[in-house]
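Single-structure report; data block below.
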Amino acid sequence: MATLKEIAQRAGVSITTVSHVLNGTRPVSTELKKRVLEAMEVLGVEPRFPTRKRSSQLVAMLIDDIFNPFFTEVFAAAEATARSMGYHLLLLHSIERGSDLLYLRDLEEKSVDGLIVATRLGIAHLKKAFSTKLPMVFLGGSFDVPFSTSVFLPDKDGAYLATKHLLELGHRDILCLGGPAKFSLFRERFEGYVKALTEWDLAPNPQLMVEMRLTFEEAYRFGREFLGRAQGNVTAVFTHNDPSALGILKAAQDLGIDVPRELSVVGFDNTYVTRFTQPPLTSVDLPKKIIGKRLVELLIRLIQGHNVEPCFIEEVSLSVKASTAPRRKEEKS
C-alpha cells in the first residue's frame, strides 16, 4: 500500500496536493490532478472519492488488549458518539499473527466504512489487511497512509506528573515499568519519567526502566521476582497502565510488602478499577470520554470526504489515591 509521500514523490507534487485531490477539499489544476492520478495508477493505488461508495453506516474499533479497562471506557464513549451520528461501532480484538489477516480482510469485505486503530499492530500488518480506500484514525500514533488521521495523547506530560508526584514524596529509586519503547506512546512515557528525574538532578538508571508486555499477569510475575530481589532498594513503582500496576500491587501483597508504607505504586489511565483495589490506586487520569468521542468524530469526517487534521488531547491530571505515601524517614540516608 503506497503512502501519501510515495504518491507525492512519484507525481512531483506536495503531500498536501495529493490529499486535496483524494479528498476534494480544495480545487487542484487539471494538470496536477492528472499527475497524481497517474502516479497512483503506477503505484497500484485505487482512488477513493467520497461519492463512489454507498455508506454502510458501520465502523469498527480495533484493539489488542481487551482486558485493559482503558479500552472499555474509550469504546463506551465512542459507541455512544457513533450511535448519535447514525453509525454502528464494532469492537474488534486482534493480536499480530497470521490468522488475523484473513479476519481483517473479511472485515473490509463486509463494507465497514472506516476503522479506529487503537492497537500496536505494525503498519505492515495493516497494509496487508486493508486497501488504501479505508479511512482510518490511529490512537496514540500516526502513519503516512491515505485517508487517515490521528488522536495523540499527552503521554509524556502524564508520565512526568506521575514521576514528579513520587519525587515530591521523597522517593528516589523509582522503577518505571513500561511497554516497548519502539512504540511512540510508551517511548514518550519513558521520556516523561526521565524529564522529571532530570529536573530533580537525578540520573536515570537504565536498570529501573523496564520494557515488557503490560498485562496483569506479566507485571505480577516480574514484580514477584524484582521486588523480592530488590526489596528495600526500590521504594516506588510507576507503570504505564493500570493492569500492570495491579500486578505490582498483588506481587507486593504476596511478598508481604506494605503499600504504600513500604512501596508506593502509580498507574496510568485512571480506569474504573483503580477505585476497587486495596489500597485504591493513584493513577494518571486521561479524559477517556473525550478520547472516544474525538476518535469517532474524526473518522466520520474522513468517511464524508473531509480533510481532517490530527487531534491533540492536552487534558491530563493525576488522581491521587491511597497507593502512594511519603518515603519512610528511616529509609533516608
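With point charges of +1 on the Cβ of Lys and Arg and -1 on the Cβ of Asp and Glu, referenced to the Cα centre of the range 133-261, which listed residue (228, 135, 161) lies farthest in the positive direction of the dipole?
135
For the range 156-233, rounded, prolate or oblate, judged on the Cα gyration tensor with a ≥ b ≥ c (square roots of eigenvalues), a/c < 1.5 rounded, else prolate if a/b > b/c?
Oblate is the answer for the range 156-233, as a/c is 1.5 or above yet b/c matches or exceeds a/b.
With the crude spin-label approximation of a point 7 Å out along Cα→Cβ, what separation in nm comes out for residue 199 versus residue 58?
Once both label points are built, they end up 4.8 nm from each other.
Report the chymotrypsin sites (Phe, Trp or Tyr not before Pro) located in the range 234-333 that are in a DSSP loop and have at most 13 other Cβ atoms inside 10 Å of their Cβ, or state none.
Values: sites: 238, 268, 272, 276, 312; in loops: 276.
Counting only loop positions with at most 13 other Cβ atoms within 10 Å, the chymotrypsin sites (Phe, Trp or Tyr not before Pro) in the range 234-333 are 276.
For the range 143-247, with every protein chain kept in place, what is the accessible area per residue (1.4 Å probe, Å²)?
41 Å²
What residues have an amide H closer than 5 Å to that of residue 138, excluding those fewer than 5 places away on the same chain, when H is modeled at 1.01 Å from N in the peptide plane?
Sorted by chain and number, the residues that satisfy this are 117, 149, 150, 151.
Report the full-extension gain for the segment residue 217 to residue 37: residue separation times 0.36 nm, less the Cα-Cα distance, to one decimal in nm.
In short, 59.8 nm is gained.
Pull out the extension gain between residue 5 and residue 84, defined as 0.36 nm times the separation in residues minus the alpha carbon to alpha carbon distance; nm, one decimal.
Using 0.36 nm per residue and subtracting the Cα-Cα distance, I get 24.9 nm.
Using a 1.4 angstrom probe and counting only protein chains, how large is the accessible area of residue 201 in Å², to 10?
For residue 201, solvent-accessible area is about 140 Å².
If I take R0 = 35 Å and measure r between the Cβ atoms of residue 168 and residue 278 in this structure, what FRET efficiency does the formula 1/(1 + (r/R0)^6) give, to the nearest 0.05?
Taking R0 as 35 Å, the efficiency between residue 168 and residue 278 is 0.90.
In the range 211-301, carbon and sulfur make up what percent of the accessible area (probe 1.4 Å)?
48 percent
Roughly what percent of Cα-Cα pairs across the range 171-212 reach past 18 Å? Intermediate values should be presented prior to the final figure.
On the way: 167 of 861 pairs.
Summing the P(r) of the range 171-212 above 18 Å gives 19 percent of all pairs.
Could you derive backbone 3J(HN,Hα) for the range 243-260 from the dihedral phi with the Karplus parameters 6.51, -1.76 and 1.60 (θ = phi - 60°), listing whole Hz in sequence and x where the residue is Gly or Pro?
x, 5, 5, 5, x, 5, 4, 5, 4, 4, 4, 5, 8, x, 8, 7, 10, x
The values are calculated or read from the model by the stated rules, or taken from the named source; none is laboratory data. Just so it is clear, the model here is predicted, and its values are computed rather than measured. Glycine also receives a Cβ, built like all others from the backbone with ideal geometry; neighbour counts cover every protein chain displayed. These area figures cover heavy atoms from the full protein model, side chains too; ligands, DNA and RNA do not enter into them. Shrake-Rupley method; radii C 1.70, N 1.55, O 1.52, S 1.80 Å.
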